[in-house]
1. Filter the range A:58-78 down to the residues that are assigned to a loop (DSSP other than H, G, I, E, B) and either more than 10 Å from chain B (Cβ to nearest Cβ) or in contact with a strand residue (DSSP E or B) (Cβ under 7 Å, 6 or more places away or on another chain) (or both) and list them by number.
2. Anything in the range A:45-57 that is within 8 Å of chain B (Cβ to nearest Cβ) and open to solvent by 20 Å² or more (accessible area, probe 1.4 Å)? List them, or say none.
3. Among the numbered conditions (1) under 30 Å from B:Asn134 (Cβ atoms); (2) open to solvent by less than 60 Å² (accessible area, probe 1.4 Å), tell me where B:Glu61 comes up short.
4. I'm checking my understanding of the structure. Among residues of the range A:120-160 that are open to solvent by less than 20 Å² (accessible area, probe 1.4 Å) and either away from chain B (no Cβ under 14 Å) or among the acidic types (Asp, Glu) (or both), which one is nearest to A:Asn98 (Cα to Cα)?
5. Just to be sure before I move on: is B:Glu166 under 18 Å from the mean Cα position of the chain (by Cα), acidic (Asp, Glu) and open to solvent by 30 Å² or more (accessible area, probe 1.4 Å) in the structure I sent?
6. Quick check, is A:Tyr192 in a strand (DSSP E or B), of a type in the set (Ser, Thr, Tyr) and closer than 30 Å to A:Arg284 by Cα?
7. So how many residues does the range A:90-119 have that are within 12 Å of another protein chain (Cβ to nearest Cβ), part of a helix (DSSP H, G or I) and open to solvent by 60 Å² or more (accessible area, probe 1.4 Å)?
Amino acid sequence: MENGIKIELKAVSKNFKKTKIIKEMDLLVNPGEFLVLLGPSGCGKSTTLRMIAGLESVSAGEVLFDGKNAQKMTSLQKNIAMVFQDYALYPNMTVSQNLEYALKVHKVEVDVRKQRINKILKTLDLIKVANNYPSQLSGGQKQRTALGRGMIKQSRLFLLDEPLSNIDVQLREKARDEIQYIHQQNQQTIIYVTHDQTEAMALGDRIAVMDNGKIQMVATPDEIYNHPRNLFVAKFIGSPQINLIAAKVNNNCLNKGKLQLVNDLKQITAYQFQEEEEIYFGIRPENIQLTAPKKEHVVGIVTQITDYGRYQQIIVEIATDLTLKVISNDTTTQVGDEVGVVFNTDKILLFDTQNGMNLN
Amino acid sequence: MSKSKTLGWHLFLIVICLIAVLPVVFMLSNSFKTLRESYHSILQLIPLHPTLSNYKTLMQEVNLFGLIWNTFFMATLVTFGKIFSSMLAASAFQYYDFRWKKTLYFIFVATIFVPFTTIMIPNYLVIAKLNLLNTVVGVVLPQLCDATGIMLFTKALEKIPASLLEVAAIDGIPRWRIFVNLLIPMLRPNIISIGAMFFINSWNEYVWPTLILKDKNSFTLPLALQNYISSEGGTNFPLAMALSSIMIVVPLVIYILFQRFILNSISSTGLK
């Protein structure tokens, strides 16, 4: 098989009547890369994918496939495979026929066709249902057939539009493994749309987080999680959500009222703050430790504990208008306990209140 | 609902059914009567002296198989033509974006409400100018397009998810292949039901063939029937009823075969 294709979006915009859905987007997807487009519903991720596929016209800008303008290429030249959220299996064809149809139309030799079909039926555990029609398949089988139909083309670009959102949670994990396996085997470029951050984190070499028709950040899952570029990314990624507190800079310290959240800002960032500047203090729930309360600590009362088995989510009330979510493995904490709150200084994130940019 | 109310409804519906069925029974019964008996007791439902003489006479007097073949041939041509043109037009309305699309669709659908009698003369003049009078083509040509079909197929296509055709487009399947391999199989129930309706309508078509066909050899069944009930051909009522009884056989068979599809289609489009 040929290697994956390089995809570039250059100042791509998409308007539906007068509404701008995509706003001058730039994006580079490297050959063989697994890129996830992640964002809340309505952010324009599916539209972006559809523009790359050529299913939507581009209002302005260019989509380039290996440097060539994709709008001028035929679907055969582009050599794309795509899996849709609703699977879009041909209802009048069996699983095997669904897999075979495009190859047959393009006159791929019978032997080659049979060989590829058998391989995919085996890989995706579809042998038993090879002669069933889509209406006779379970959700998972439909989804695997749709994946198989995309795989069989051995295309250089594989586009997946929320392919797992219609199947059970248990099956989803298995399907994720399959998709990862496909990518490792074929090394084709994959662009994968989802609103599920767990899926994005598990699958993507890089993740492009989108909101409101714009890419907010493109980076590896680790960077996205630990060094979010702005407030939106910080809030969108992570469950439970990041703790955010609006606080004021005061003499190299960060204070919320009388509480001191940071005692040495210079240790966290080289950013030059103005005195009395208001910024957001952010800390992820697992980066807070609860200890016995001491003088130098921020002190609070435990108001709620939710046991998830693997960990506990503890809500600590610091003041009437200030609560923190903490993830902890300590099972001795009780509701009503007074606790000292210690922030992991390395993991503190600071954001501009005006434009939401990360100030670390 | 109370028992008496249910009973009332049932009685009402039974009466409606009887009213609907009576003409057919009346037709069948008189087809087995002699001319004399039919004059004397036309409303007698069970013939006193049942006879097959009318059917025998018909076999001798008219080229029955010729008539059935002519009617069948034209109805089939019209049905296939209408189905094909309606599907193509509906696909265009459903899948292509072009200027004035909605207006054009509205105009097409509006033609359903134009009575045939108002376009009969212009159609006749066109056919005459094209030198197609007294030909099968002359009968069939103006019937090849039909707004009802376009509307029904557009509604049917709306139910096919766009993603199916998008997958095909991405896979580089040519448009004619999409039409033949995907749309036609997916619309099979609609094609059968709409086709059956088209066929039955065309089978019963009377006014237009009367205008166009002059040669008795190319007459259809409704035209032949005219011979027995018009002042020109005399009024041999039992003979006319026998011919009518023969005439309903084919539509009835089609209806029985495809009843499931026809009823489904009517109830799902809201076309009653």
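The values are calculated or read from the model by the stated rules, or taken from the named source; none is laboratory data. The structure presented is a predicted model; accordingly, all values stated were derived computationally and were not measured. Here Cβ is always computed from backbone atoms with ideal geometry, including for glycine, and neighbour counts include all displayed protein chains. Remember, those area values only see protein heavy atoms, side chains included, never the ligands or the DNA or RNA. Shrake-Rupley method; radii C 1.70, N 1.55, O 1.52, S 1.80 Å.
1. Taking the range A:58-78 and keeping what is assigned to a loop (DSSP other than H, G, I, E, B), we get A:58-59, A:66-67, A:73-74.
Across the range A:58-78, the qualifying residues are A:Val58, A:Ser59, A:Asp66, A:Gly67, A:Met73.
2. Going residue by residue through the range A:45-57, those that are within 8 Å of chain B (Cβ to nearest Cβ) are A:53-55.
Selection gives A:Gly54, A:Leu55.
3. Condition not satisfied by B:Glu61: (2).
4. First pass over the range A:120-160, keeping only residues open to solvent by less than 20 Å² (accessible area, probe 1.4 Å): A:120-121, A:124, A:126, A:129-130, A:134, A:137, A:140, A:143, A:145-150, A:152, A:155, A:157-160.
Okay, now just the ones that are also either away from chain B (no Cβ under 14 Å) or among the acidic types (Asp, Glu) (or both), so A:120-121, A:124, A:126, A:129-130, A:137, A:140.
Values: A:Ile120: 12, A:Leu121: 12, A:Leu124: 14, A:Leu126: 12, A:Val129: 12, A:Ala130: 10, A:Leu137: 13, A:Gly140: 16 Å.
The residue in question is A:Ala130.
5. no
6. Working: in a strand (DSSP E or B): yes; of a type in the set (Ser, Thr, Tyr): yes; closer than 30 Å to A:Arg284 by Cα: yes.
When the stated conditions are applied, A:Tyr192 passes them.
7. 2
Quick grid of which residues meet (1) surrounded by fewer than 19 Cβ atoms within 10 Å (Cβ to Cβ); (2) in contact with a Leu (Cβ under 7 Å, 6 or more places away or on another chain); (3) in the same structural domain as B:Ala147 (by TED's automatic domain parsing):
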{"position": "B:Trp208", "(1), (2), (3)": "no, no, yes"}
{"position": "B:Leu211", "(1), (2), (3)": "yes, no, yes"}
{"position": "B:Gln226", "(1), (2), (3)": "yes, no, yes"}
{"position": "B:Pro238", "(1), (2), (3)": "no, yes, yes"}
